[in-house]
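A.B. asks: A single structure is presented below for examination.
Derivation of every value follows stated rules applied to the coordinates shown; laboratory data play no part. In this text, all values refer to a predicted model and were calculated from it rather than measured experimentally. So basically every Cβ, Gly included, is an ideal-geometry build from the backbone, and we count neighbours across all protein chains shown.
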Amino acid sequence: MKIHVLLYADGGSASLEAEAGITIRELFAQSQVGFDAPCGGNGRCGKCRLYAAGALSEPEERERSFLTEGELRSGMRLACYARLLGDCELRLPEENASIETSGRSEAYDFEPTVTVGEATLTIPTLKNPLDDRGNLLSAAKAADASYAALKKLPALTRAGKWSLFYVKDGETVLDVCPEKPKAAGMAVDIGTTTVVAYFYDLETGRLLGIESGLNEQKGFGADVISRIAACIDMPEGLRALQEAIIGQLNGFVQSFCRKSGFKRGNLYQATIAGNTTMQHIAAGLSPANIASAPFIPCSLFGFTLGAEQIGLELAQAAQVYFSPCLSSYVGGDITAGMLACGLDRMKDTCLYIDIGTNGEMALRHGGEIVCCSTAAGPAFEGAHIKYGTGGVWGAISGVRADTMRADAMRNGAVQIDFETIGGVPPIGLCGSGLIDALAVMKRLGVIDETGRITDPDELEDASLAPRLTEIDGEPAFVIDPESGICITQKDVREVQLAKAAIAAGITCLIKEAGIRVSDVQSLLLAGGFGSHINGASACEIGLLPPELEPKIRAVGNAAGMGASQTLLASGSYQRLTELVACCSYVELSGYPYFQEQYIEQMMF
Ligand code: FES
């Protein structure tokens, strides 16, 4: 039986048709509706929330376990569980992601590989029968010409009295035009969670626009392992995931063109920086072997592909450069980030860390760079945390305990304050809020050094006792009594695993470089999460070494800045090649010291 579903999303609505009996998630997959399914639709995370009304299956026990009575009353359902039995209306929750688009980079000279020029060709005669291609190459001082340029050349030369404009990428003529064309390029950071595209004028280097969004592959799982599994397990999985990301980038291009007056045919080059899996999927290459030992990728990139080859809708002959990766788990986002921060030219001993679902890190010391990657898991991105959420509006991004305020002194109560992204009422905790909350809990003695939430009678400050509660039979600490947002014992354990993985990775790099922690002169934190975490809290819970607290510097979206630099400075290609040559990679899964440290760093 066919049914009709009205979907309200992104400020508009769409009418979808479906076979009765399928789940909402199956409907979204069939209709290619972008939707967040952090556990890959396996029904384990309880995050695929939306509002639904109409003929739906009754919530089963498992679905109920993820939702409060109030949420169920308001019509909230989980897309993985709720089945469509007849006509329905669905409404996606507001999704205002706060995505890091800014970043710092070292100064560099603007000198793109794409240039625009004007040429006057020689008029061929019977005595001098120059072919059009040879004529163009000689006038434009080029070595090659694209097929797209050749297709236009005969008519253009004769109509324009042998004068024309051309666009070259290095030694290759990409395009020929009767009028001087605008030339723009796109630099992209493809993160597992978010995607950012920067559009630049390639004649002036001016930033023309930024487009960003949550990665459209999110419906296939929150982390790279789920995405790889989707590529392997689903029929045509790789194609579906590639279409999701390339479709998103094409949407960015359309949106940029609408706002700027540029046309997609003016976009002559793109650069991409992403982790190794994201780059494989964008390039349409199988990431299957990244997930299992010995973790061999199809490619470590550092080359260009034609935009048309991967379905990217830019100028016909535009090329797309993929940043070089160092291994299956230290990708092009890290090399691009290191380029932006000048790690290849740095004299200081410097630690560069990008914390996401993986903690990817590099230590520059004495002219060499040693790198590794640790599986931090998605806890810092809000997954597997009871009240966890991404960095969206309403996420609690900072938590403070104020024992010194006058009112606290008067009545002996510790004041716990928090702030949310956008200053709106809280909906959950994002990674930075989670780290702050754990630091506060540690400072107040709510958790002991093993991470156990203490009993009320063990508390030093009895005023905290009302905040201790039980959720699903396990201890929890309430952060916001009004909304009930709290940290459960299981959440503490998830953070412990994540922070131990990062901290152990750092100690392994320090050991590999043969230095002490105190020898590190700067600690650069890249990525959206790194930009927002409170360094003191991260050090307090042992995520980062306390000695390095004064040396922490957030560098924002360094991967995006590196991709931009590659687009705007032709010397970047050589620098990336040299940077890769001085890097070595430590595979932590076969490194006994990592296991020792992992257990040790679990403590608070
Ligand atoms: S429960 Fe539906 S995506 Fe995890």
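A.B. asks: Within the stretch 208-238, restricting attention to residues that are more than 20 Å from the chain's Cα centre (by Cα) and touching a residue at least 40 places away in the same chain (Cβ under 8 Å), which residue is surrounded by the most Cβ atoms within 10 Å (Cβ to Cβ)?
C.D. replies: Leu208
A.B. asks: In the stretch 28-70, what residues are in contact with a Leu (Cβ under 7 Å, 6 or more places away or on another chain), of a type in the set (Ser, Thr, Tyr) and either part of a loop (DSSP other than H, G, I, E, B) or within 11 Å of the ligand (Cβ to nearest atom) (or both)?
C.D. replies: Result: Ser57, single match.
A.B. asks: Here's a follow-up. Which one is nearest to the chain's Cα centre (by Cα) among residues in the stretch 160-182 that are under 15 Å from Pro124 (Cβ atoms) and surrounded by fewer than 16 Cβ atoms within 10 Å (Cβ to Cβ)?
C.D. replies: Ser163
A.B. asks: Ok, one more. Which members of the stretch 298-356 meet the condition of being assigned to a helix (DSSP H, G or I), surrounded by fewer than 24 Cβ atoms within 10 Å (Cβ to Cβ) and among the charged types (D, E, K, R)?
C.D. replies: Result: Glu308, single match.
A.B. asks: Related question: Which of the residues spanning the stretch 15-27 are among the hydrophobic types (A, V, I, L, M, F, W, C), more than 11 Å from the ligand (Cβ to nearest atom) and within 28 Å of the chain's Cα centre (by Cα)?
C.D. replies: Of everything in the stretch 15-27, just one residue is among the hydrophobic types (A, V, I, L, M, F, W, C), more than 11 Å from the ligand (Cβ to nearest atom) and within 28 Å of the chain's Cα centre (by Cα), namely Leu27.
A.B. asks: Sticking with this structure for a sec: Quick one: in the stretch 433-452, which of the residues that are over 28 Å from the mean Cα position of the chain (by Cα), of a type in the set (D, E, K, R) and under 21 Å from Gly388 (Cβ atoms) is surrounded by the most Cβ atoms within 10 Å (Cβ to Cβ)?
C.D. replies: Per the criteria, the residue is Lys442.
A.B. asks: Among the residues of the stretch 476-498, how many are within 27 Å of Asn358 (Cα to Cα) and of a type in the set (D, E, K, R)?
C.D. replies: Residues flagged as within 27 Å of Asn358 (Cα to Cα) and of a type in the set (D, E, K, R) within the stretch 476-498 amount to 4.
A.B. asks: Let me ask something additional. What number goes with the only condition from (1) surrounded by fewer than 15 Cβ atoms within 10 Å (Cβ to Cβ); (2) touching a residue at least 60 places away in the same chain (Cβ under 8 Å) that Glu460 does not pass?
C.D. replies: Glu460 satisfies every listed condition except (2).
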